[in-house]
Every structure is written in structure tokens, then in C-alpha cells.
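Presented below is the structure to which this report refers.
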Amino acid sequence: MTEPWELGIAEAAGRIRRRELSAVELLGSVVDRLNNTEDYAHAWVFVDERGARDAARLADQQAAKGQFLGALHGIPLGVKDVIDVRGMPTEGGSNSLRGNIAKDDAGVVRQLRVNGAVILGKLQTHEFAFGQGTPPSRNPWDPERYAGGSSVGSGVAVAVGSIPGALGTDTGGSVRNPASVNGLVGLKPTAGAVSSTGVLHVSHTMDHVGPIARSVEDCAALLDGMVEPEALARLGGPVSARLGDLPAPTRLGVDRRIWSEWGVVPGVLAAVENALSVLADLGMEIVELRLPELDLALHASVAISLSEAADHHRERLSHDSGRYLPGTRIMIETGALVSLDEVRLAWKVRTHLRAFLPEAMARAGVAGLVSPTLPAIAPPASAMSSELTGAGGQNSLAAALRMLSAANLTGMPGVSVPCGFADGQPVGLHIMGPEYSDATVLAIAQAYELATPWRTHVPVRQMPAIAASQ
Amino acid sequence: MNQTVDRDSAVGPEAELTSEQFAVIRELVGDEIAREDLPALETAYRDFRTGMHELKSAFEQLTHAGVKP
């Protein structure tokens, strides 16, 4: 029998609406699962069980009167700890923010509550979402491997079932990276679709708040609940209602040469080629589309992100620099040294790519660009290189950024959907589309998901054994 | 006016930041932390500059090759 914690967002919301499941019952099951997994997972930094129970009770009282606030009525969710939730700590994974309590909800959290969500607590992040340091969250597939970042707690909690969906933030891949590593679906929405007020920014230009869930349907439901009405109208209305709307014919662009330059390893390549065969069997046309311009995105993204980060952190660093991790500090210090000419060049590249990529896609008649999400499976945590500015290897944050940052730089939506395993570790397929085509990239992802078995591998029900030394 | 940092014994002789740049960092994080971070910052900054040179050259090549939006 399926326990309530195993349900996805859409399924649980449907049962609550039909009064087959209460919000209190769902929350109780999720909290039990959290208590049963957290010794392994270490995904949470703060759990507000009492506040969540009050909210769930209220949701049930409203449901009894036939009142449903929105599509997320009674659904418990987790929030990355760089996003404010009123009355809860926002510490951003940093000693410099210990004891900081949010006075108000971030815009996206406010919108989730408007749509009926129950906020259970805050999830682990790398310090200030920079990807530096080692949060305690464990990869549910292998305790010795990197668990993703910087929305690491969001990925791990959703994967182990201690929450059905979570918010992350994505400056250069930090939603899609943990989604890929943990076997989940993660979306970086179109720029501006989701409010980023009340978020500890790395970069206001590059940061996007995005959903992580266990299926495309759940990811879409969560996105719909995050977006304010005006932005939802710009997206063409609720994306959940349009997951069956594929363009006819659906053409997808791939640039295999750049995958090779990005150092994509054979196991990941095999999984992605199999996924392309599935998409072709579904009637989609896969076309080779050379886009070396994609490789401009990494350095332009880093220049914009780090220079803006220096501004965001200047005041706090002036009195608390000793309580930052050295790795985070070095990144921000580098940002303080970025010259005006370098910033101008980066913005010029951004302007160019924002115009060029959608036009190149339109010329080729493709609805999406498909690639691996990451060049390799999750490396051993001890081998993971967190430097952003260096060339890095396939196990580096820079390598992940190189593949994913074009979406952040251009504002285009990008989704990572599971496409199999390599050496027992999940592999993600990345689909990027023009701005405001979030529903289309999710529709392509769902068509693939429904044709393959990968969705059934999460939640991870049995945690791996931990070596005595860990 | 791009003099390299005037280092004392706590800071190695192979510094690459100019004195103006080091002053920016000192103002940002304080003198002690700035000195502590200097070797790693120089590596990161050098990598960053290399990346920006690559970007400039690649962007010029692509745009001069007639790749226009």
C-alpha cells in the first residue's frame, strides 16, 4: 500500500480535494518519513512541525467547507535556506547569518501560501548558494558521492521522500544540478516568471527560484503555485494544463560536438543517446544544430554573477568576513576585482546570446535544445572541485556551470529530467527552450518521462549503508 | 599606476594583484583576511582573467565571422 509520503504533489493534491486524504494525515506521514531518513540524509536545517500542523489543520477545515485555496492546498513543501520564510531562520548555510530570523515571506513563498501550500521548513544549501564548502546532506544513491548543489537539501529531501517538492535557487545550474544527481525533475523557469524578492542573492541578474520534484507533473504543479498571476499570464496560463500540448511536429536540436568539448563521459553520453532514441520513437525529430555560441555563456555568467555578488555582500563582509568560508570569500573578492570593461563585455555577450539563441532555434524550427544536464555522474564528494573560475575537470562546479549557465544568462527555461543511470548513479537530460516556453519544455520532458521507467526510482525507499568512518 | 602589491614576509613574492586591487580587497574584508586570502585570490583571479580573455577572443571571432542575431 502506498503511504501518503510516497505520493507526488499532483496525486496528493487530488486526494485532498476529493477528501480521500487530509492535509494533517499527509503532513504526519511526511514528518514521520523525515524523522526516519534525516539521520542519513541531513537535508533539513530547520523544521517547523508545529507551524506546519497548524497550517495543515486550517487547510482541512477549509476543505471541509469546500474551500480550496489553490492547486497546492494542503501540500507540504520545503524551502532552500536562502529564501525567506517568515518566522524561520534564513542562515544561507553561513556562520555569518547564524540566528537571523526572516521577518517576512519571500515573494515566492507568499505565492505558495496563496495557493494553499504548507511550508514545513528550510533545506540545506552551500554557503550563500556559491557551491563552496561541504553541507552535511548525503546523496541517497551513495553516501560517498557529491549530493548536488547548491540546492543540495532540496534535492536530497525530495529524493528520500521527506518532502514531495521543494524550492531551490539556480544561478548557474543549482536547481538542475541536484535534480540530475538525485534522480529528480528540476526546472529553472524563464527569467522573471518567479519572484525573487526575499532571496539572498548571488546575482540578481542570474538567480532564478525554481521547483524540484519527483515527476514532471509535480514540477509543473509546483511552478504553477509559485508564479504570480501576471507572470502566469505571460507563461500562457497554468503550465500543468498544457503538458500534453506538444508542437507538431516537435523538432529538437542537439550539438554533439560541444558535448565532446564539454567532456561528457561515455556512460552519460550513452544514457542521453538512448533518451534521444526514445524521443525519436515518440515522433520527435532530432536535428544536429551547431551552436558554439553556447560556450560563451560560462565566462560571461561568471563575470556578471561575481561582480553582482560583491555588491550584495559588501556590507556584510565589512564586519563579518571572518565568518564566511574562505572559498566563498575568494569568489566574492574575485567579483570585487572585475573591471568595468569585463562587465561590459559580459553584458554584450548576454545581449548577443539573448537575441541569437532563440533566433537560431526558430531558424532551425526546433522547440528545444537537448543535452546532458551534467558531463558526468556525481563524483565522490572528496574528488569534487568547487572552483568556479578555473577550467576544472568533469568533476568540477565549473564543468556543470559550463553546460547550464546559458539558460541563466539568456533567461531561457531549462529542465532536467532523469534519463537513466550510469554506474548506478542517476543521469539527467537537459531541455532548454525560448523564454516563456516553460510549458513546452516540460511537455517534452513529460512525453519522455511517461515513455520510460526512470520516474519509478524515486523516492529512494531504502537508504544505503554508511561506512563506520562516516 | 598598476604597481604590484608591496608584500611583507607574510605574503609571498609572486603576487599578481596591483596595490590598487589589493586595497579594494582590504576595504572589502579587512587587512588580516585580505592577506590570508591573497594566494588563493590570485589563483582565482588569474583563472578568471584567463576566462575573460578567452571570452573576448571567442566573441570577436564569432561576431566577426558574421554570426549575427
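The values are calculated or read from the model by the stated rules, or taken from the named source; none is laboratory data. Everything quoted here is computed from the prediction, not taken from an experiment. In this analysis, Cβ positions are derived from the backbone assuming ideal geometry, glycine residues included, and neighbour counts consider all displayed protein chains. Heads up: the accessible areas ignore ligands, DNA and RNA and are worked out on the full protein's heavy atoms, side chains in. Shrake-Rupley method; radii C 1.70, N 1.55, O 1.52, S 1.80 Å.
Of all accessible surface on chain A at a 1.4 Å probe, what whole percent is carbon and sulfur?
Numbers: 8050 of 15970 Å².
C and S fraction of accessible area: 50 percent.
Buried by at least 10 Å² relative to the chain on its own: which residues of the range B:23-37 qualify, computing accessible area with a 1.4 Å probe on protein heavy atoms?
B:24, B:25, B:28, B:29, B:33, B:36, B:37
Membrane-span-like helices in chain A: DSSP H runs reaching 20 Å or more (Cα, own axis), mean Kyte hydropathy at least 0.5?
A:266-281
Which whole-angstrom value gives the distance between the alpha carbon centres of the range A:226-244 and the range A:301-367?
29 Å
Take the Cα radius of gyration of chain A and divide it by 2.2 N^0.38 Å, with N its residue count; two decimals is plenty.
Output field value: 0.90.
Please list the non-local residues whose amide H lies under 5 Å from the amide H of residue A:106, H modeled 1.01 Å from N, same-chain partners needing a gap of 5 or more.
Those lying under 5 Å, H to H, from residue A:106 are A:84, A:85, A:86.
Output ³J(HN,Hα) for the range A:88-101: one whole-Hz value per residue in order, computed from phi by the Karplus curve 6.51 cos²θ - 1.76 cosθ + 1.60 with θ = phi - 60°, and x for Gly and Pro.
Result, ordered by residue: 9, x, 10, 10, x, x, 10, 4, 6, 10, 4, x, 6, 9 Hz.
Determine how large the accessible area of residue A:5 is when every protein chain is in place; take a 1.4 Å probe and give Å² rounded to the nearest 10.
That residue has around 30 Å² of solvent-accessible surface.
For chains B and A, what's the summed buried accessible area, probe 1.4 Å, to the nearest 100 square angstrom?
Working: alone 5520 and 17290 Å², together 20120 Å².
Accessible area lost upon association: around 2700 Å².
Considering only protein heavy atoms, what is the solvent-accessible area of residue A:34 at a probe of 1.4 Å, reported in Å² to the nearest 10?
Using a 1.4 Å probe on the heavy atoms, I get roughly 10 Å².
Could you provide, to the nearest whole Å², the per residue accessible area of chain A with probe 1.4 Å?
34 Å²
Is the C-alpha gyration tensor of the range A:337-470 telling us rounded, prolate or oblate? Criteria: a/c under 1.5 is rounded; beyond that, a/b larger than b/c is prolate, otherwise oblate.
Note, shape of the range A:337-470 comes out oblate.
Mind checking the range A:12-119 for GluC sites (Glu not before Pro) that DSSP puts in a loop (not H, G, I, E or B) and that have at most 13 other Cβ atoms within 10 Å?
Loop-located and lightly packed - A:20.
Please label the shape of the range A:1-151 as rounded, prolate or oblate, based on the square roots a ≥ b ≥ c of the eigenvalues of the alpha-carbon gyration tensor (a/c under 1.5 means rounded; beyond that, a/b larger than b/c means prolate, else oblate).
In terms of gyration-tensor shape, oblate.
Which trypsin sites (Lys or Arg not before Pro) from the range A:288-343 combine a DSSP loop assignment with at most 14 other Cβ atoms within 10 Å? Write out the running numbers ahead of the final one.
Working: sites: A:290, A:314, A:316, A:323, A:329; in loops: A:290.
Counting only loop positions with at most 14 other Cβ atoms within 10 Å, the trypsin sites (Lys or Arg not before Pro) in the range A:288-343 are A:290.
Kindly identify the range A:94-148 as rounded, prolate or oblate by the Cα gyration tensor criterion: order the square roots of the eigenvalues as a ≥ b ≥ c, call it rounded if a/c is under 1.5, otherwise compare a/b with b/c, prolate if a/b is larger, else oblate.
Note, shape of the range A:94-148 comes out oblate.
Using modelled amide H (1.01 Å from N, peptide plane; none on Pro or chain starts), what sits under 5 Å from the amide H of residue A:123, excluding residues fewer than 5 places away?
A:45, A:79, A:80, A:81
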